Amino acid sequence: MIMLSPRREVGEFRKRYKWMVLFVLVTMLSIVGRLFMLQLVQHDRWAGEADRNITKVVRLPATRGLIRDYRGRVIADNRPSYNVLVTPRLMGEPQIESIAGLLSLDEAGKQRFRNLLGRVPERRRSHFVQAFNDISRDQYAAIETHRRELPGVNLIVAPLRSYPFKQLGAHTIGFLNQVSAEDLKDMNGLGYGPGDAMGRSGLERAWESYLRGRDGELRVMVDVRGRELDSSAQPEKPVRKEPVPGLDLRLTLDMDMMRSAERHFRGHPSGGVVVVDVHTGRVRALYSKPGYDLNELTSGLSQERVREMLENPFRPLIDKTTYESYFPGSTFKPISALAALQDNIIPGSTHYDCPGYYMLGRRRFRCSHVHNDTDMHMALVQSCNTYFYRLAEQVGIDRIASYAREFGLGEKTGIGINTEASGFVPTREWYVKNHNDKFQVGFSLNTAIGQGDTRVTLIQLAMMYAALANGGTLYVPQLVEKVEQADGSVVHEFPPRIRRQINVDPAYLEYVKEGLYGAVNNRKGTAFEARIEGGVPVSGKTGTAEVNKSKISPKEDPRRAWYDRRSHSWFAAFAPSDNPQLAIVVLVEHGGYGGKYAAPIAIQVLQDALGDPSATKKPVLVSKKP
Amino acid sequence: MALRRGLRDNFDWPLFVTVAAIAVVGVVNLYSATSAAVPALRDIYIQQVYWLTLGAGTAVLIAAVDYRHYERYGWIGYGIGVSLLILVFLLAREIRGSQRWIPIGSFSLQPSELMKLFLIVALAKHLHNDPRTEGRTLKDLIVPGAILSLPLVLILKQPDLGTALILVFIFVSIMFLTHLKLRSLVTLVVTMGVSAPLAWSYLLKPYQRERVTSFLAPEKDILDTGWHAYQAKVAIGSGGLTGKGFLQGTQNQHKFLPDQHSDFPFPVWAEEHGFIGSVLLISLYMVLVLLGIKIASEAKDRFGAVVALGVSALIFWHTVINLGMVCGLLPVVGITLPLFSYGGSSVLTMMAGIGLLMNVSIRRFHF
């Protein structure tokens with residue numbers, strides 16, 4: 001028998017067991033407490049995390065609404081673009097190399113790709129991220145051919161905005177670009193995501209909520225490597241939410257008229273044209289030169305191109321029809337005339353003598369020519385400043401200002417796109433405040449001929465001439481006629497909006513219109529040279545707005561300085577004279593004399609729109625380039 | 001004859017039922033844990049059944065022999081354990097930067113697992129033959145400390161920090177049984193508290209410190225370990241009160257859990273069975289450990305008491321460290337959940353330990 005050791009006293013251990021039991025209980029309970037925390041208190045958080053782990057959401061982008069012109073031609077379209085999505089977790093160096101090879105990326109492109117992958121946070125690494133946008137046909141073909149060998153690479157087709165008319169009407173139509181991180185913060189809850197495009201200017205921006213539509217999504221179950229499970233292993237069916245396409249806009253613009261404006265403007269580097277329907281206020285053309293190619297802006301500009309555009313002296317980024325305001329020059333004279341007539345200060349038959357200037361005290365106010373004895377009609381025809389100086393002396397600045405405001409000057413027209421300038425109509429009070437408490441009659445004189453401090457935008461002036469033409473109805477300019485669904489059914493239709501009925505005697509209005517008719521059709525008229533023999537009859541007013549008159553400093557480039565000091569060339573008109581349909585305003589920036597440069601453009605655009613095409617056309621005069 | 005009667009009449013049913021329950025639940029969980037895994041892993045729940053059966057047989061054999069025989073051969077067992085650990089360096093191939101397994105035919109033996117039991121028996125033998133009535137001093141810790149240190153150094157060299165930690169915790173737990181004088185205890189704690197940072201700063205060269213830090217947190221070097229620990233928390237938390245249901249855990253089915261069969265089987269369970277299931281499972285472990293302490297307290301001699309307590313400590317520390325790790329309370333170290341994790345050496349060791357517990361329990365009315 002083996003000798004087993006004798007029994008030994010265990011008393012030494014006795015006192016320790018209860019502490020051990022306590023320790024076990026406390027430890028186990030703290031683990032239970034931790035589980036209580038994780039599984040009950042924080043359950044929602046972890047459950048959400050688990051859910052996000054396994055659901056991959058594929059966005060189904062909505063098609064953006066189209067923009068069509070008045071005749072139904074597409075101005076803003078969507079074309080398919082091919083984008084490459086990748087799953088960062090599956091992208092090792094060999095994968096990066098082979099993708100770079102297929103897309104024929106250079107070293108810098110490869111590095112950008114690596115950086116992009118490096119920036120993706122850990123929890124999103126098994127999700128798709130967009131790596132390359134709008135790849136070329138060749139690149140698409142290369143990837144598509146080798147797709148089976150490239151797990152974690154996906155190709156999607158997404159609509160990309162395209163503008164068939166390129167730079168024509170660029171400021172009005174506007175462009176898109178991708179939302180930035182700040183935008184996403186600002187527009188939290190509006191459903192924008194990274195990579196989405198949104199309207200940045202013009203109609204694309206103002207009508208964003210209509211055009212945009214609502215993205216759909218496809219939810220699929222994935223495993224840890226981001227691979228979709230086959231359908232049998234899917235606990236639930238993939239959930240598909242169809243995208244809702246955006247609504248289409250039908251504009252009031254007529255791209256034919258825009259093209260015509262562009263064509264007749266070709267001799268001049270900078271300016272704008274506005275054409276409106278006098279009976280509705282619908283804008284038929286809104287042309288600002290120079291423009292920019294919307295396709296270029298939508299796909300993203302390089303730094304150099306941005307700088308180039310910002311430094312361009314003709315300011316392509318400025319919308320010269322609504323954002324910029326100018327001295328109206330003589331195009332303002334109909335207001336002064338109506339103020340005198342309507343308030344019975346001076347009847348039209350009053351004659352003044354024009355020796356080529358007017359002396360007010362010791363100050364000499366110039367006129368363009370010696371007009372000798374004129375009445376108000378001939379003063380409008382020949383744009384005689386002297387007559388209007390005399391008139392202003394008696395009518396006074398406030399009466400002129402009130403009629404100017406009545407015709408919509410000095411306040412925004414409400415065209416509803418971009419930033420609109422309100423222009424300015426000075427009053428006596430304003431002059432007192434800004435000129436050492438002393439009002440001088442000279443201010444009234446300058447105001448009456450559209451110099452001084454009055455500033456108007458092209459769209460304001462066009463609405464004013466439309467009101468002159470239609471008998472005194474001032475409309476709100478309208479750009480969008482209808483909102484339609486993709487199938488052509490109309491969602492909203494916008495009727496013309498009248499701003500106000502201007503209180504002027506039709507007889508006086510008729511008197512002024514006769515003057516405007518004479519300005520074009522009278523042999524002595526300022527725009528007679530631009531008249532098209534046998535063309536559509538036009539009534540209008542020239543304007544030569546003096547600008548910077550300061551002396552040329554030696555620091556300036558003399559040619560630039562010479563250009564900058566030349567007057568703006570204006571012509572505002574309506575046609576046909578006997579039954580007006582369209583009103584037009586043309587501004588040639590630093591063009592020079594209004595009747596010589598702006599008037600031919602306006603008259604030829606009107607001729608293209610309303611006249612018989614067989615009528616003789618005059619050659620366009622080219623403004624002297626700097 | 002007396003032995004047989006003892007086996008029949010004094011069989012510890014609560015211990016048996018608790019262990020059986022954990023083992024059955026563990027196999028079921030293993031089935032779910034590997035159901036979505038690569039084909040090579042899908043059958044390991046069957047292998048686990050084989051290991052458990054083998055382990056049960058071992059436990060019966062161990063329980064059948066009066067434990068006083070083990071006391072007699074305690075040093076021999078210890079010697080075998082240490083020899084195997086030395087053998088590891090001669091035979092083992094490096095896997096994931098450490099040498100832990102001795103290949104035997106088609107499977108591998110992990111001697112460090114077995115060493116845990118040999119250490120318990122060796123310490124029990126020493127304390128059995130070193131009875132005291134008055135308090136112990138630091139001098140009395142020299143021999144037990146040496147018993148611990150030899151295998152500890154060998155295991156640290158593999159390196160296998162997890163197992164080394166378990167050995168230290170078992171040692172501390174066993175020594176807590178003995179009556180150490182308060183003054184000695186204070187001296188010990190203070191000396192260690194002061195010397196550790198000093199040694200860290202002045203004795204170790206920078207490259208050695210670096211070795212120790214990467215040694216203390218080896219998984220830091222393995223890509224995405226933090227991510228894995230996070231996914232374990234996601235699995236547990238998303239289980240909620242009642243869980244997602246058997247085979248319905250998305251974290252597991254979609255392969256978000258790493259090592260779901262070895263070190264991370266608990267998140268699978270917690271995800272599928274929720275808070276209720278988790279508390280039930282933890283209760284089973286708690287009952288097992290408390291039964292072990294009870295058996296120790298009822299043991300009739302010092303050897304039996306120390307062995308029962310050592311095995312209880314083994315089960316307790318494995319459970320607590322593994323659960324703490326998967327809940328994010330402790331850093332990730334590779335320590336298995338007893339009878340729940342897949343692994344031959346681990347299951348055999350645990351079952352042998354249970355056999356020792358049963359042995360002490362059955363013989364509590366002897367002598």
> Dipole magnitude of the range A:255-610 about its Cα centre, charges +1 at Lys/Arg Cβ and -1 at Asp/Glu Cβ only, in debye to the nearest 20?
Replying inline: 1160
>> If I model a spin label at A:ARG565 and A:ASN188 as a point 7 Å from the Cα along the Cα→Cβ vector, what separation in nanometres do I get?
In response: 5.7
> Can you give the charge dipole size of chain A about its Cα centre, rounded to the nearest 20 debye, using +1 on the beta carbon of Lys and Arg and -1 on the beta carbon of Asp and Glu?
Replying inline: 1840
> Using the Karplus equation 6.51 cos²θ - 1.76 cosθ + 1.60 (θ = phi - 60°), what ³J(HN,Hα) coupling, rounded to whole Hz, does each residue of the range A:286-293 give in order, writing x for Gly and Pro?
Replying inline: 9, 10, 10, 10, x, x, 8, 6
>> Over the range A:255-610, what is the relative contact order in percent, taking alpha-carbon pairs closer than 8 angstrom and at least six residues apart?
In response: 21
>> Below 15 angstrom from the Cβ of A:GLU311, what's the summed charge of the other residues (Lys, Arg +1; Asp, Glu -1)?
In response: +1
> Once you put a point 7 Å from the Cα of A:THR63 and another 7 Å from the Cα of B:VAL17, both along the Cβ direction, what distance in nm separates them?
Replying inline: 7.1
> Using every alpha carbon pair in the protein assembly as shown, what percent of pairs falls into each 20 Å bin from 0 up to the bin containing the largest distance?
Replying inline: 11, 27, 18, 15, 14, 11, 3, 0
> Given the convex hull of the Cα atoms of the range A:255-610, what is a quarter of its surface area in nm²?
Replying inline: 20.4
> Using 7 Å Cα-to-Cβ label points, what is the B:LEU54/A:ASP487 separation (nm, one decimal)?
Replying inline: 7.2
> Counting only the backbone N, which residues of the range A:76-97 are under 20 Å from the spot 7 Å out from the Cα of A:GLU144 toward its beta-carbon?
Replying inline: A:78-86
>> As I understand it, the dipole of the protein assembly as shown uses +1 on the Cβ of Lys and Arg and -1 on the Cβ of Asp and Glu, about the Cα centre. Which of B:VAL287, B:VAL88, B:LEU138 lies farthest toward its positive end?
In response: B:LEU138
>> Net charge within 15 Å of A:GLU208 by Cβ-Cβ distance, Lys/Arg positive one each and Asp/Glu negative one each, not counting A:GLU208 itself?
In response: 0
> What FRET efficiency do you get for A:VAL74 and A:ASP51 if R0 is 41 Å and r is their Cβ-Cβ distance, rounded to the nearest 0.05?
Replying inline: 0.45
> Residues of B:124-135, mean number of Cβ from any other protein chain within 10 Å of their own Cβ, rounded to a whole number?
Replying inline: 2
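Treating only the Cβ of Lys, Arg, Asp and Glu as charged (+1, +1, -1, -1), what charge dipole size does the range B:33-167 show about its Cα centre? Round to the nearest 20 debye.
140
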> Out of B:GLN99, A:ALA462, A:VAL370, whose Cα points farthest toward the positive end of the dipole of the protein assembly as shown (charges: +1 Lys, Arg; -1 Asp, Glu; placed on Cβ)?
Replying inline: B:GLN99
> Considering only B:TRP317, A:ILE135, B:PHE118, whose Cα is most displaced toward the positive end of the charge dipole of the protein assembly as shown, charges sitting on Cβ of Lys, Arg (+1) and Asp, Glu (-1)?
Replying inline: B:PHE118
>> Give the average, rounded to an integer, of partner chain Cβ atoms located within 10 angstrom of each Cβ in B:250-262.
In response: 4
> Going down the list A:LYS241/A:LYS482; A:LYS15/B:LYS181; A:LYS412/A:LYS541, which pairs span over 24 Å between their C-alpha atoms?
Replying inline: A:LYS241/A:LYS482
> Of A:LYS289/A:LYS555; A:LYS513/A:LYS596; A:LYS166/A:LYS333; A:LYS18/B:LYS125; B:LYS157/B:LYS300, which sit over 30 Å apart, Cα to Cα?
Replying inline: A:LYS166/A:LYS333; B:LYS157/B:LYS300
> Residues with beta-carbon under 13 Å from that of A:ASP44, excluding A:ASP44: net charge, scoring Lys, Arg +1 and Asp, Glu -1?
Replying inline: 0
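May I ask you to derive the relative contact order of chain B, considering only C-alpha pairs under 8 Å and at least 6 residues apart, and to give it as an integer percent?
This gives 29 percent for chain B.
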> A:ASN177's amide H: which non-local residues (gap 5+, or another chain) put their own amide H closer than 5 Å, with H modeled 1.01 Å from N in plane and none for Pro or chain starts?
Replying inline: A:MET198, A:ARG200
> Rounded to the nearest 500 deg cm²/dmol, what is the calculated helix-only ellipticity per residue at 222 nm for the protein assembly as shown, with -39500 (n - 2.57) per DSSP H run of length n ≥ 4?
Replying inline: -14500 deg cm²/dmol
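Calculate, for B:VAL287 and A:SER180, the FRET efficiency according to 1/(1 + (r/R0)^6) with r their C-beta to C-beta distance and R0 60 Å; round to the nearest 0.05. Can you show the working numbers first?
Working: r = 60 Å, r/R0 = 1.00.
Once rounded, the FRET efficiency stands at 0.50.
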> Measuring from a point 7 Å past the Cα of A:GLN394 along Cα-to-C-beta, which residues in the range A:329-351 have an amide N at less than 19 Å?
Replying inline: A:333-351
> Taking a point 7 angstrom from the Cα of A:ASN312 along the C-beta vector, which residues in the range A:252-289 have backbone N less than 20 Å away?
Replying inline: A:258-274, A:286-289
>> Just to be sure I understand the rule: take each whole DSSP H helix in chain A, project its Cα atoms onto its long axis, keep it if the span is 24 Å or more and its mean Kyte-Doolittle hydropathy is at least 1.0. Which ones pass?
In response: A:17-35
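Throughout, read-outs are computed from the coordinates displayed, never taken from laboratory work. None of these values were measured; they are calculated from a predicted model. Here Cβ is always computed from backbone atoms with ideal geometry, including for glycine, and neighbour counts include all displayed protein chains.
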